[in-house]
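Presented below is the structure to which this report refers.
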Ligand code: ASP
């Protein structure tokens, strides 16, 4: 046992000096909490702005607006530094931002400064080393993330430090240009750090007491999930459950590092444990999540279900047009593709034409507005009857179903306007009734 905890704090856990003090208390209460990844400061109250959002707006702004927004950002960091009683200053860094904006800084460099400044402050307050993520996290010249190089560089950099704070969200391309992950990507950095230092556990501190079994905006007071597997978490995150970035799971699953999602405001609560394999016998279903923004494209042709070549070509057509495919559902004479509507809708007719020309199908139909909903848990197959019953109670139709080809649960497609009703009905039947 290496006895190392890698810890990541989200933006709301570091939104101001008081929040940083709270986070620092958590870190210092356990000397095995040695490697800390931080997000940029988040919202301090409802309606407030996240530093990263401000940085994006600032980068796009005209010169006058730029100066106004940058002052606003600087004032927040300055207040945090002052309230924490630190002697450091970010004046030079901000002067460089003003100069660099006009001359050479790219957008990703600019927006990554939220994490960079926050990590400098937290490191100073804790008395830990500051290690810049640009020395650890690698992207290729086209901006694709390089996991193997990153793992090697991160462990090399961190092996020189007993205790360190690392900014999340970004890394660098060859030549040093800064590149960010997708939004919410500090979770990925935290996971990379956990794997690189061989941590026994990766603690992800947020402002909620773990992973909820459904979105509290849809279901009233959903039950908290105590234990979830990496695969299930990845599926729920992909479907919009917004606690841990779905790609953060990959390095952790590979290194079998358990994750604990905890609440900074309530550190004694148990949180949610993410594990490789479920060992304890629990409820059949642990979570439900869904999101709209999909369309379903159905292609009917004799024997197309077994025609791998045709399917491959259709996927090529969709890929060439930049359309994301989230599921493929195959019958004997029909194949359906659930596609992300963004990037597809405006080219739908064109793509349907292209498919018709190539495959000469009997039909290519489009269901334009769908939602996908996933039900995950220990034994989703046992609950199929309940799923069908719950959906039919809402009057919705199941447009497609993937009954767990992998380990991660059952996914159904329904008309987009039915998403809330179906999630509520599923929750009631599958989780609410088992409480
Ligand atoms: N600050 C970045 C964002 O707001 C990354 C993160 O917080 O994980 O998306």
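The values are calculated or read from the model by the stated rules, or taken from the named source; none is laboratory data. Fair warning: this is a prediction, and the values are worked out from it, not measured in the lab. As a convention, Cβ positions derive from the backbone with ideal geometry for all residues, glycine included, and neighbour counts pool all protein chains shown.
Being closer than 30 Å to residue 227 by Cα and surrounded by fewer than 22 Cβ atoms within 10 Å (Cβ to Cβ) is a description that applies to residue 420. Among the residues of the range 219-228, write down those that are touching a residue at least 40 places away in the same chain (Cβ under 8 Å) and surrounded by fewer than 23 Cβ atoms within 10 Å (Cβ to Cβ). 219, 222, 223, 224, 226, 227 - these are the residues of the range 219-228 that are touching a residue at least 40 places away in the same chain (Cβ under 8 Å) and surrounded by fewer than 23 Cβ atoms within 10 Å (Cβ to Cβ). If you take the residues in the range 76-105 that are at pLDDT 95 or above and not in a helix (DSSP H, G or I), which one is nearest to residue 179 (Cα to Cα)? Taking the candidates together, the pick is 90. Looking at the range 39-60, can you tell me whether even one residue there is buried (at least 18 other Cβ atoms within 10 Å of the Cβ), closer than 27 Å to residue 162 by Cβ and away from the ligand (no atom under 16 Å from the Cβ)? No, the range 39-60 contains no residue that is buried (at least 18 other Cβ atoms within 10 Å of the Cβ), closer than 27 Å to residue 162 by Cβ and away from the ligand (no atom under 16 Å from the Cβ). Whenever a residue of the range 347-363 is more than 14 Å from residue 335 (Cα to Cα), its partners that are in a helix (DSSP H, G or I), lying with C-beta atoms within less than 6 angstrom and at least six residues away or across chains, give the pairs 354/317; 358/313. The residue that is surrounded by the most Cβ atoms within 10 Å (Cβ to Cβ), among those in the range 1-38 that are assigned to a helix (DSSP H, G or I) and near the ligand (Cβ under 10 Å from one of its atoms), is 14. Residues in the range 349-364 that are in a helix (DSSP H, G or I) and touching a strand residue (DSSP E or B) at 6+ places or on another chain (Cβ under 6 Å) were compared, and the one that is surrounded by the most Cβ atoms within 10 Å (Cβ to Cβ) is 355. Among the residues of the range 162-178, the ones that are touching a residue at least 40 places away in the same chain (Cβ under 8 Å) and more than 17 Å from the chain's Cα centre (by Cα) come to 8 in all. Among the residues of this structure, residue 98 does not count as one that is more than 16 Å from the ligand (Cβ to nearest atom) and in contact (Cβ under 8 Å) with a residue 40 or more places away in the chain.
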